[in-house]
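> Please find one structure pasted underneath; my questions will follow.
The values are calculated or read from the model by the stated rules, or taken from the named source; none is laboratory data. Quantities reported herein were computed from a predicted structural model and do not represent experimental measurements. We place every Cβ from the backbone using ideal geometry, glycine too, and count neighbours over all the protein chains shown.
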């Protein structure tokens, strides 16, 4: 079981620790609902050091990224971040990821912890143009400081202005006395804030500084349980649940990260273009429960007559909305907003309705 540079701190704080994709991670500290609300209304800190980081460098760096990702990385400028996915050559998704452009010949790819080895092997197998690849995953620590007060608090730790940074941008800066920290206005909560990358050796120093800076704002450490409910309220996909090797980005509602420009030839372009033109048999939707009940992963989704039309991929009780919410694949004819669907919970058909994402509207 791998430990992050913060594992001893989580234990000291009394977090409930669990195995997660090969890492020893905090599930929760005080309680998942309390932690969820803290991020939505104030500021919370996640240890996301288990995520993977790959550097792609050299004159062929962009060529490789354009080949292996669905989005168009040629539109990126220095300091911009892009959400994308790796098509798998069979019409599915290897993983979803973030692409950071440092300069024309230097990119950082941030991938899911569960897929580090799989992604690394995949991108190397596709590198027939000689881009320079380096897997820095074991050397980098990362904190996600999330919430509406996050940037205000973090501004105390750097002389570079960060409070006015646009969504999905990043800067290299001195932070908490540490040089060359990557400070990115990204996140997996929809609550605003930043993700901060630095060397493992600086982890404790950065953690202490972040919590000192956030003390006046009621900063809290946050576990994996709240991370999952926060992302689900926003309708953000979780790899392995909502997207995987069998789902296409078009089917998953990720057409906006799948670009069919003439200049970009990428893996599965023809398959995904066919999906865009002719549609798919099922679509990923967000939904709210009308009847009282909590949808869970793999529960059946049915029509009014009880015929199975799909399945739940992610489900929970929304801490902000106080109702059951979820995401799932349904037959395309049931995918329109306000469509009536039924979730089978303990052999009972509970009524729900398809909603536009995000599920939680601020």
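> Can you say whether residue 103 is touching a residue at least 40 places away in the same chain (Cβ under 8 Å) and over 22 Å from residue 240 (Cα atoms), as far as the supplied structure shows?
no
> Condition first: part of a helix (DSSP H, G or I) and over 24 Å from the mean Cα position of the chain (by Cα). Now tell me which residues in the stretch 170-229 satisfy that.
201, 202, 204, 205, 208, 209, 212, 213, 215, 216, 217
> Here's something else I'd like to know. Please go through (1) touching a helix residue (DSSP H, G or I) at 6+ places or on another chain (Cβ under 6 Å); (2) not assigned by TED's automatic domain parsing to the domain that holds residue 203 for residue 153 and return the number of the only condition it doesn't satisfy.
(2)
Rundown of residues vs (1) closer than 21 Å to residue 52 by Cβ; (2) touching a strand residue (DSSP E or B) at 6+ places or on another chain (Cβ under 6 Å); (3) buried (at least 17 other Cβ atoms within 10 Å of the Cβ); (4) in contact (Cβ under 8 Å) with a residue 24 or more places away in the chain, yes/no style:
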{"position": "145", "(1), (2), (3), (4)": "yes, yes, yes, yes"}
{"position": "150", "(1), (2), (3), (4)": "no, yes, yes, yes"}
{"position": "161", "(1), (2), (3), (4)": "no, no, no, no"}
{"position": "164", "(1), (2), (3), (4)": "no, no, no, no"}
{"position": "185", "(1), (2), (3), (4)": "yes, yes, yes, yes"}
{"position": "191", "(1), (2), (3), (4)": "no, yes, yes, yes"}
{"position": "196", "(1), (2), (3), (4)": "yes, yes, yes, yes"}
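Yes/no matrix, rows are residues, columns are (1) within 23 Å of the chain's Cα centre (by Cα); (2) crowded, with 21+ Cβ neighbours inside 10 Å:
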position: 233; (1), (2): yes, yes
position: 239; (1), (2): yes, no
position: 251; (1), (2): yes, yes
position: 258; (1), (2): yes, yes
position: 263; (1), (2): no, no
position: 274; (1), (2): no, no
position: 280; (1), (2): no, no
position: 290; (1), (2): no, no
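> Being touching a strand residue (DSSP E or B) at 6+ places or on another chain (Cβ under 8 Å) and closer than 15 Å to residue 318 by Cβ is the filter; apply it to the stretch 35-57 and report the residue that is surrounded by the fewest Cβ atoms within 10 Å (Cβ to Cβ).
For the stretch 35-57, the residue satisfying everything is 35.
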